[in-house]
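*Asks:* Pasting in a structure now, in structure tokens, and then I'll have a few things to ask.
The values are calculated or read from the model by the stated rules, or taken from the named source; none is laboratory data. Keep in mind that what you see is a predicted model, and the values were worked out from it rather than measured. With ideal geometry, Cβ positions are generated from the backbone for all residues, glycine too; neighbour counts draw on all protein chains shown.
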Amino acid sequence: MTKEEKLSIINELAEKFKDNSHFYVTDTSGLTVAEINDFRRKCFEKGIEYRVAKNTLIKKALETIEADFTPFYDEGVLKGSSGIMFSEENANSPAKILKDYKKIDKDKNPSLKAASIDYDLFIGADQLDALSKLKSKQELIGEVIGLLQSPVNNVLGSLMSGQNKLAGIVKTLQERS
């Protein structure tokens, strides 16, 4: 690979890291090209880009971002074969794909090395369960709206039920007279 090709890959990865604050680094060791392509297809179906890259190029691309990724380097995340899953919106989608893939064969890669969710770092395969339970931005907004609407709905419900009682009392009083 020429220096220009490496620089081009570093620039592409740096743009991806800047555009996608949710990305996962996976271990691809032991996978054949066909298995990687199958996994890439499954990711594509869920709107996730999967890319295999050299660790040194990943590291150089991460160094262009204004976030601290030193735990990735200190913990050995960028050792062995690595693939990157980029997710624009849903932070939990890549974790769910990895979890589903692991249901087929627990010992088979790809497996989670690390993840960055809005530049918060999660290191180790044991973080997969926690990452898969993260709520998407739309789910959180929906919950907040539901919580904000709840008191208003309770007040309106009380007023509406009171209106029916008041009408019933007036009707009863009219019938008595």
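*Asks:* If we scan the stretch 6-15, do we find a residue that is assigned to a loop (DSSP other than H, G, I, E, B) and among the hydrophobic types (A, V, I, L, M, F, W, C)? Show your work before the answer.
*Replies:* Step one: list which residues in the stretch 6-15 are assigned to a loop (DSSP other than H, G, I, E, B), which gives none.
Checking the stretch 6-15: not a single residue is assigned to a loop (DSSP other than H, G, I, E, B) and among the hydrophobic types (A, V, I, L, M, F, W, C).
*Asks:* In addition: Which condition does R40 not pass, out of (1) in contact with a strand residue (DSSP E or B) (Cβ under 6 Å, 6 or more places away or on another chain); (2) outside any helix (DSSP H, G or I), if it passes all the others?
*Replies:* (2)
*Asks:* Filter the stretch 93-129 down to the residues that are among the β-branched types (V, I, T) and either surrounded by fewer than 14 Cβ atoms within 10 Å (Cβ to Cβ) or not assigned by TED's automatic domain parsing to the domain that holds V25 (or both) and list them by number. Break it down stepwise before answering.
*Replies:* Restricting attention to the stretch 93-129, the residues satisfying the condition of being among the β-branched types (V, I, T) are 97, 104, 117, 123.
Within the stretch 93-129, just I104 meets the criteria.
*Asks:* For the structure I just gave you, tell me whether L147 is surrounded by fewer than 11 Cβ atoms within 10 Å (Cβ to Cβ) and hydrophobic (A, V, I, L, M, F, W, C).
*Replies:* Considered against the rule, which asks whether it is surrounded by fewer than 11 Cβ atoms within 10 Å (Cβ to Cβ) and hydrophobic (A, V, I, L, M, F, W, C), L147 comes out as yes.
*Asks:* How many residues are over 16 Å from Q127 (Cα atoms) and either in contact with a Cys (Cβ under 8 Å, 6 or more places away or on another chain) or not in a helix (DSSP H, G or I) (or both) when one looks only at the stretch 88-106?
*Replies:* Within the stretch 88-106, residues that are over 16 Å from Q127 (Cα atoms) and either in contact with a Cys (Cβ under 8 Å, 6 or more places away or on another chain) or not in a helix (DSSP H, G or I) (or both) number 4.
*Asks:* Are any residues in the stretch 44-73 at pLDDT below 90 and surrounded by 17 or more Cβ atoms within 10 Å (Cβ to Cβ), and if so, which ones?
*Replies:* If the condition is that a residue be at pLDDT below 90 and surrounded by 17 or more Cβ atoms within 10 Å (Cβ to Cβ), then F69, F72 are the ones that fit.
*Asks:* For the stretch 74-91, give me each residue that is under 16 Å from I117 (Cα atoms) and either among the hydroxyl-bearing types (S, T, Y) or at pLDDT below 85 (or both).
*Replies:* S87, E88, E89, N90, A91
*Asks:* Identify all residues within the stretch 19-34 that are more than 16 Å from A53 (Cα to Cα), part of a strand (DSSP E or B) and acidic (D, E); write none if there are none. Steps first, answer last, please.
*Replies:* Of all residues in the stretch 19-34, those more than 16 Å from A53 (Cα to Cα) come to 19-22, 34.
Right, trim to part of a strand (DSSP E or B) and you get 22.
Result: no residue meets the conditions.
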